[in-house]
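Worksheet: one structure, shown below.
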Amino acid sequence: MVSTPAFTAAELEAETTRLFKAFLHVDCTPGKSWDYEACRKFAPLTLEINRLKQEKDAVILTHSYVEPEIVYGVGDFKGDSYFLSLMAREAKAKMIVFAGVVFMAETAKILSPDATVVVPDRGSGCSLADSLTGDQLRKLKAAYPDAAVVCYINSTADVKAESDVCVTSGNVYDIVSALPQRRILFVPDRLMGENIRTELKRRGVDKEIITSDGTCIVHDVFDAAAVADARARFPGLKVVAHPECTPEVAAVADFVGSTGAMMKYVKTSEAPYYLMLTECGLVGRLQVETPDKHFIGGCRLCPYMKLNSLEKVRAALAAPRPDQIVTLDENIRRRAARCIDRMFELAPRD
Ligand code: SF4
């Protein structure tokens, strides 16, 4: 039985103030505001969701790319998909609401099979994960039978089940270097595969990297000419890129790394201006957590991540519809879990 929300004027005012203080520096989604009036509208929802969470023994995992009112209003953990899945497993909650995209919720289900895992919006796919099915990977494997199959964590449960080991953008170089096979079938990110090729060559590691053809529609469009233009306008600018960007962009960035590594780089750097070549939600997080730094735009919105909303989180938590509940075939789940466990063995922590 779920309680009917009835909040006092004082509770609503206190929640509005809490949200407003958190969002003081946020300005990351064009056309959207986090001013006091906006916070007043968020307050009844965030109060209700936080109450429901306790009643249902639930945790809410919020990817850094979703909107700040979800991350800071109701999220228990915030970060990238790998970190969030680890937190889900450690939290041992009965219910996990994954405010991110579907492949991430699948990863949480793989690692926490006894929990009810729900997604706010079933349409929150991913151009990268959805570029390759398990069937397609089986055909690729048949063409390269001597290759070790390495899947990026941004992949479906079916693809993980067909892979030897999973990797994140933070541990991929170490794991690929440690594998005994020379030939590596890396899926599903073609651009990250190209960046791996370059980095391993730089490290003197001899591997043949074969890729499938997926890309992230957020990261594959940044271009090196825009970076040069930004550098001319902002002396001392630091350019920070994700390895899902093109090799041309990676080559002109000051730093290339995973979402977590990008945040650490900005937090520990002294530069006044940053160009973040990634999703705008990460810029929103940095605006909250490093208000003394300046971000000069250039980021892009992920349409899948932006399908999440407080209203949908509330609905998934209160009474999830069948399409919001993540289910996996147990054989696929077990094989996918083995692929992730292998990552933990080869690189215990990002
Ligand atoms: S930002 Fe790219 S990789 Fe991440 S969910 Fe969106 S499309 Fe997928």
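The values are calculated or read from the model by the stated rules, or taken from the named source; none is laboratory data. Here the structure is a predicted model, which means the values were calculated and not measured. Here the Cβ positions follow ideal geometry from the backbone for every residue, glycine too, while neighbour counts run over all protein chains shown.
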### Message
So, SER124, is that one modelled with pLDDT of 95 or more, crowded, with 24+ Cβ neighbours inside 10 Å, within 16 Å of the ligand (Cβ to nearest atom) and closer than 20 Å to THR215 by Cα or not?
### Response
yes
### Query
Hey, any hits in region 113-129 for a residue that's among the hydroxyl-bearing types (Ser, Thr, Tyr), more than 30 Å from GLU55 (Cβ to Cβ) and assigned to a strand (DSSP E or B)?
no
### Query
Which residue out of ASN154, ASN171 is more than 29 Å from SER309 (Cα to Cα) and either under 16 Å from the mean Cα position of the chain (by Cα) or among the charged types (D, E, K, R) (or both)?
ASN171
### Task
Scan region 326-346 for residues that are more than 29 Å from CYS280 (Cβ to Cβ) and of a type outside the set (D, E, K, R) and jot them down.
THR327, LEU328, ASN331, ILE332, ALA336, ALA337, CYS339, PHE344, LEU346
### Message
Just the residues that are at pLDDT 95 or above and touching a Lys or Arg at 6+ places or on another chain (Cβ under 8 Å), please, taken from region 72-95.
### Response
VAL74, ASP76, LYS94, MET95
### Summary
Only unsatisfied item for VAL167, checking (1) under 17 Å from SER81 (Cα atoms); (2) among the hydrophobic types (A, V, I, L, M, F, W, C); (3) surrounded by fewer than 19 Cβ atoms within 10 Å (Cβ to Cβ), is (3)
### Task
Working only within region 76-103, note down all residues that are outside any helix (DSSP H, G or I), crowded, with 24+ Cβ neighbours inside 10 Å and among the aliphatic types (A, V, I, L, M).
ILE96, VAL97, ALA99, VAL101
#### Entry: Unique residue being of a type in the set (A, V, I, L, M, F, W, C), farther than 29 Å from GLU55 by Cβ and part of a loop (DSSP other than H, G, I, E, B) when the list is ALA337, ALA271
ALA271
### Query
Would region 80-88 turn up any residue that is more than 12 Å from the ligand (Cβ to nearest atom), under 20 Å from ASP323 (Cβ atoms) and in contact (Cβ under 8 Å) with a residue 60 or more places away in the chain?
no
### Task
Quick one: which helices (runs of 4 or more DSSP H) lie wholly within region 153-267 and hold at least 1 residues that are outside the structural domain of GLY134 (by TED's automatic domain parsing) and within 16 Å of the ligand (Cβ to nearest atom)?
247-252
### Task
Hey, could you check region 287-311 for residues that are part of a helix (DSSP H, G or I) and within 16 Å of the ligand (Cβ to nearest atom) and say which is farthest from ASP229 (Cα to Cα)?
LEU307
### Task
May I ask you to list pairs of residues, at least six apart or on different chains, whose Cβ atoms are under 9 Å apart, with the first in region 148-176 being free of Cβ contacts under 8 Å to residues at least 12 places away in the same chain and the second being within 15 Å of the ligand (Cβ to nearest atom)?
none
### Message
Quick test for you: out of LEU310, LEU277, LEU282, LEU317, pick the one residue that is more than 19 Å from the chain's Cα centre (by Cα) and surrounded by 18 or more Cβ atoms within 10 Å (Cβ to Cβ).
### Response
LEU317
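Here's the yes/no breakdown for (1) in the same structural domain as CYS339 (by TED's automatic domain parsing); (2) away from the ligand (no atom under 15 Å from the Cβ); (3) closer than 22 Å to ARG334 by Cβ; (4) touching a Leu at 6+ places or on another chain (Cβ under 9 Å):
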{"site": "LYS94", "(1), (2), (3), (4)": "no, yes, yes, no"}
{"site": "VAL97", "(1), (2), (3), (4)": "no, yes, no, yes"}
{"site": "VAL101", "(1), (2), (3), (4)": "no, no, no, yes"}
{"site": "THR107", "(1), (2), (3), (4)": "no, no, yes, yes"}
{"site": "SER112", "(1), (2), (3), (4)": "no, yes, yes, no"}
{"site": "VAL119", "(1), (2), (3), (4)": "no, no, yes, no"}
{"site": "ASP135", "(1), (2), (3), (4)": "yes, yes, yes, no"}
{"site": "ARG138", "(1), (2), (3), (4)": "yes, yes, yes, no"}
{"site": "PRO145", "(1), (2), (3), (4)": "yes, yes, no, no"}
### Query
Name the pairs: first residue in region 324-340 and in contact (Cβ under 8 Å) with a residue 12 or more places away in the chain, second residue in a helix (DSSP H, G or I) and among the hydroxyl-bearing types (Ser, Thr, Tyr), Cβ to Cβ under 6 Å, at least 6 apart or on different chains?
none
